[in-house]
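What follows is a single structure, written as structure tokens, with notes after it.
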Amino acid sequence: MQRVNLSTVSEFVFVGLSDAPEIRLLLFVLFLLIYLATVAGNTTLLVAISTDSHLHSPMYFFLSNLSLLDLLCPTITVPSMLAALLLENREISFAGCLFQHFSLIAVVGTEIFLLTVMAYDRYVAVCHPLRYPSIVSAKLCARLAVGTWAAGLLNSLLHTSLVFTLSFCGPNKIQQYYCDIPPVLALSCSSARSRELVVLVVAGVLGSSACAVTVVSYVYILLEILPRSSPGIWHKAFSTCGSHLTVVCLFYGTTICTYVRPSFTYSPQRDRVVSMLYGMLTPLLNPIIYSLRNKEVKCALRRVISRVRSAL
């Protein structure tokens, strides 16, 4: 990897959504409310899982990790966007941009691996219910969780080093409200094709592998329940897997549209909308999806709310 001078551009400027002054205040209020709702929903879910003994199982252990990731994802990007909308503070230092980029890609990568682990957990729960406690033990859960976070961090380290060791010596306006791969690559004044190819290959291999494991897990689940004609079996399987399958489809749809494509297809206006779907709406919807489709979670949330009311 060639050495380049990283001091040419000392800061970047977000264009993002702050270039529409007539609706800036409206957007600020809207996104602030979405962010607060996201924080409240995921925090409540984390509290319910950690304090309710009925939810101390591998499925909810992984769900608590997902809620933590859904707290981190908008926290990395939304505050800078709100500052740009309200205060017109659109500048970010080179180091700040690098850190934001690293943190975001780490969260995205970790969530990909975590959803894959959750698919395996659902496979064991449906296909091997009697052996589930012995297969998905507390020790295995801890190892899988540590592995997903470590893999996400290493993946982010690779992507960040590939992107931020390019030379930036020309325009410094990022056509986005946070430091993401496509708009940052578009600002490089050196050839980024080889590194972009590496980014696409690594993302493609990791993403397709995780997706393959998820698909295979659900194929086995389907093959397990197809021979059974009892409606109760289908209902139980759907209640066990429905929430996770919905979250997987939502996550992969927005992530693939954002990252798994070449830079010449980059469109600032369209990508801002797609990025908001991933960065804001997905973390907001995940706890709602799990709460609405899971009786145990709903009961635990009612107990948490009743305890809060009693304390107040």
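Bear in mind that the values in this text are calculations on the coordinates, not laboratory data. This structure is a prediction, so every number in the text was calculated from the model and none was measured. So basically every Cβ, Gly included, is an ideal-geometry build from the backbone, and we count neighbours across all protein chains shown.
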Counting only the backbone N, which residues of the stretch 92-125 are under 14 Å from the spot 7 Å out from the Cα of L157 toward its beta-carbon? 102-103, 106
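Which whole-number percent of Cα pairs in the stretch 41-101 have a distance greater than 19 Å?
On the way: 874 of 1830 pairs.
The proportion of pairs with Cα distances above 19 Å equals 48 percent.
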Residues whose modelled amide H sits under 5 Å from the amide H of K173, counting only those 5 or more places away in sequence or on another chain, are V13
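At 4 °C and 1.567 mPa s, grab the translational diffusion coefficient of the stretch 95-165 from Stokes-Einstein with a Kirkwood Rh over Cα pairs, rounded to a whole number in µm² per second. Don't jump to the answer; show the numbers that get you there.
On the way: Rh = 13.4 Å.
Value of D from the Cα-based Kirkwood radius: 96 µm²/s.
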Each label sits 7 Å from Cα toward the beta-carbon; between A150 and L87 the label points are separated, in nm, by 3.9
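Based on the alpha-carbon set only, what is the convex hull volume of the stretch 136-232 divided per residue, in Å³? Don't skip to the end; give the middle numbers.
Numbers: hull volume 15.6 nm³, N = 97.
Measuring per residue, one finds 161 Å³ for the Cα hull of the stretch 136-232.
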With r defined as the distance between the Cβ atoms of K298 and A212 and R0 fixed at 35 Å, what FRET efficiency is calculated, to the nearest 0.05? 0.60
